[in-house]
Amino acid sequence: MNRKLFLNKTVTPLLAGIPFLSIMSCSGSDDDDDDTNPDNGAGNGSTPGDCSANGTNSSITQNHGHTLTVSVGDVNAGTEKSYSIQGGASHDHSVIVTVDNFASLQKNESVTASSSTGDGHFHGINIVCA
């Protein structure tokens, strides 16, 4: 049994009742590398960021070109919004940032979300203050 099958049979059913939260992603690879956006700066754990002043950076699990940045205006508006994370990837996913997620970002707390399923997989996303 490979990692993907194990996670799908054991952990995924536990997360099914928790909307928009994920700690893993499913991809066509058993590669354990979590690729992040190259612009991930402040808010990466070493320096606290300020979402209301600088917007966000994001790390995306099993990344192959996707990007997500939440603007200062979106953070301060605090209204639920769906984002496209296609970036340089050959396919698109969407991510919904909820009102509760924005409230956390306004308090400079990181947010964990999941992308929509597309091209046979989805991505876990950690949104941090820049």
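May I ask you to rank Thr98, Thr69 by accessible area, largest first, using a 1.4 Å probe over the protein chains only?
Values: Thr98 25, Thr69 80 Å².
Solvent-accessible surface, decreasing: Thr69, Thr98.
If DNA, RNA and ligands are ignored and the probe is 1.4 Å, what is the ranking of His121, His64 by accessible area, most exposed first? Intermediate values should be presented prior to the final figure.
Numbers: His121 15, His64 80 Å².
Ranked from most to least accessible, the order is His64, His121.
Tell me, what % of the accessible area of region 44-126 is carbon and sulfur with a 1.4 angstrom probe? If you can, show how the numbers build up before the last one.
Working: 1670 of 3710 Å².
Answer for region 44-126 is 45 percent, counting heavy atoms of protein chains only.
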Check Ala89: other-chain or 5+ apart residues with amide H under 5 Å from its amide H, H built from backbone geometry?
His66
What the 10 Å binned alpha carbon P(r) of region 66-130 shows, as percent of pairs per bin from 0, is 22, 55, 22, 2
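The values are calculated or read from the model by the stated rules, or taken from the named source; none is laboratory data. In this text, all values refer to a predicted model and were calculated from it rather than measured experimentally. Ligands, DNA and RNA are stripped out before the accessible areas are found, and what is left, the full protein with its side chains, is counted by its heavy atoms. Shrake-Rupley method; radii C 1.70, N 1.55, O 1.52, S 1.80 Å.
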